[in-house]
1. Say a site is exposed when it is one of the GluC sites (Glu not before Pro), sits in a DSSP loop, and has at most 14 other Cβ atoms within 10 Å; what is then the longest site-free stretch of the chain?
2. For the chain, report the % of Cα-Cα distances exceeding 18 Å.
3. What's the longest piece of the chain with no exposed trypsin sites (Lys or Arg not before Pro), counting a site as exposed if DSSP puts it in a loop and it has at most 15 other beta carbons within 10 Å?
4. Over the chain, what is the mean sequence separation of C-alpha contacts under 8 Å (at least six apart), divided by residue count, expressed as relative contact order in percent?
5. Run the accessible area of the chain with a 1.4 Å probe and give the carbon-and-sulfur part as a rounded percent.
6. For the chain, find the longest principal axis of its Cα atoms and tell me its angle to the long axis of helix 72-108, 0 to 90°, nearest 10.
7. Report the one residue of 9, 27, 46 whose Cα lies farthest in the direction of the positive end of the charge dipole of region 9-106 (charges on C-beta: Lys and Arg +1, Asp and Glu -1; origin at the Cα centre).
8. How many Å² of accessible area per residue for region 32-87, probe 1.4 Å?
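The values are calculated or read from the model by the stated rules, or taken from the named source; none is laboratory data. Computed from a predicted model, the values in this text were never measured in an experiment. Every residue, glycine as well, gets a Cβ built from its backbone with ideal geometry; the counts of neighbours run over all protein chains shown. Just so you know, the surface numbers come from the protein's heavy atoms only, side chains and all, with ligands and any DNA or RNA stripped out. Shrake-Rupley method; radii C 1.70, N 1.55, O 1.52, S 1.80 Å.
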Amino acid sequence: MEAKKIEIACESCGHQVEIDFNEAQFSSQIAIINGKKKESRTFFQPCPHCGQLNTVTSENKEEWGKRKGPNVKAFMFSGFLSCFGIIALSILLAYFAFKGLGIVFDWIF
């Protein structure tokens with residue numbers, strides 16, 4: 001499957017900029033509407049003359065080629081592990097904080 005190439009005019013200088021969906025940087029947007037996953041990608045390519053960042057948005061998966069986007073499940077899993085780690089560390093910190101307070105109160109009274 002071949003990725004699409006689009007030529008657009010630069011937004012600031014007007015020169016032609018070719019955006020190759022196979023090589024340009026992109027961002028993905030995923031929306032779930034009525035149980036159906038709708039994905040769109042915005043491709044970024046700087047103008048070779050002025051450096052202006054030009055964008056093209058596509059919703060057709062046939063145009064994207066074989067490039068894979070970010071794995072949403074991996075982000076969710078890493079977020080879960082981060083939350084679990086923060087909770088575990090805060091419990092451990094609270095345990096030693098109260099243990100230290102107990103030693104101080106035993107020493108004072």
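1. Details: sites that count: 2, 11, 23, 59.
The answer is 60-109.
2. That fraction is 68 percent.
3. Counting only loop sites that pass the neighbour cut-off, the longest clear stretch is 1-65.
4. Numbers: 126 pairs, mean separation 24.2, N = 109.
This gives 22 percent for the chain.
5. 62
6. Approximately 20 degrees, to the nearest ten.
7. Farthest along the dipole direction, towards plus: 27.
8. Accessible area per residue, region 32-87: 78 Å².
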